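Worksheet for the structure shown next.
The values are calculated or read from the model by the stated rules, or taken from the named source; none is laboratory data. Just so you know, these numbers come straight off a predicted model, no measurement behind them. Using ideal geometry, Cβ is built from the backbone for each residue, glycine included, and neighbour counts are taken over all protein chains shown. Side chains included, ligands, DNA and RNA excluded: accessible areas come from the protein's heavy atoms. Shrake-Rupley method; radii C 1.70, N 1.55, O 1.52, S 1.80 Å.
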Amino acid sequence: MTTAKHLGTIELLCSRDFPAEHGRSDVGTSGPGFHIAELATSDDFWEDDGTRREETAAQYEYDRDGLSELLAGRWGRPQVFSLAGALGRALGGEDIPPPWDDLASHVPDVHLWKEGARDRWVALGVSQWGEELPFQLLAVVTVVDPP
């Protein structure tokens, strides 16, 4: 993990305007009211017996927690916010606003801060879409309140 680069990306997203339309950005995806940065992406696990996957999951959580500690120096201790409720509500037909709707389907929880100077939410999470697919360390910056 290149911590300085990740912190720089988060700071950039905190100051960057949001696009009018959803699409790819130089660091991930963006849309009206949000940016999602893909800070790191692991290899996949198609040929794994489960050992490498467990180690990688632990490493990505460790990386998230380490970055979270650094951000706590700026904005205080994060709130650990589960997205399970948002996923359940979405599956029940409720409209969950972006970016939370998409995140809830592959990020179980986020470390969450309210960045006061620009009134934006900042979140860190570990994503994995499926057992064989890569993990990603994600940073989210949004003006949309968590669900």
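If I ask for residues that are modelled with pLDDT under 95 and among the small types (Gly, Ala, Ser), which ones from the stretch 105-126 would you list? Across the stretch 105-126, the qualifying residues are 105, 116, 117. Considering only residues in the stretch 59-101 that are charged (D, E, K, R) and more than 13 Å from the chain's Cα centre (by Cα), the one that is surrounded by the most Cβ atoms within 10 Å (Cβ to Cβ) turns out to be 89. Among the residues making up the stretch 17-38, those that are free of Cβ contacts under 8 Å to residues at least 24 places away in the same chain and closer than 16 Å to residue 118 by Cβ are 17, 30. Scanning the stretch 25-53 for residues that are under 22 Å from residue 144 (Cβ atoms), open to solvent by 40 Å² or more (accessible area, probe 1.4 Å) and modelled with pLDDT under 95 turns up just one, 26. Count of the stretch 1-24 residues, restricted to those that are open to solvent by 30 Å² or more (accessible area, probe 1.4 Å) and assigned to a helix (DSSP H, G or I), is 8. For the stretch 102-125, a residue qualifies if it is aliphatic (A, V, I, L, M), open to solvent by less than 70 Å² (accessible area, probe 1.4 Å) and out of contact with any strand residue (DSSP E or B) (no Cβ under 6 Å at 6 or more places or on another chain), and the qualifying residues are 103, 104. Annotation note: Cβ proximity below 7 Å between a residue of the stretch 67-89 that is in contact (Cβ under 8 Å) with a residue 12 or more places away in the chain and a residue that is of a type in the set (S, T, N, Q) and part of a loop (DSSP other than H, G, I, E, B) (sequence gap 6+ or interchain) occurs for 87/105.
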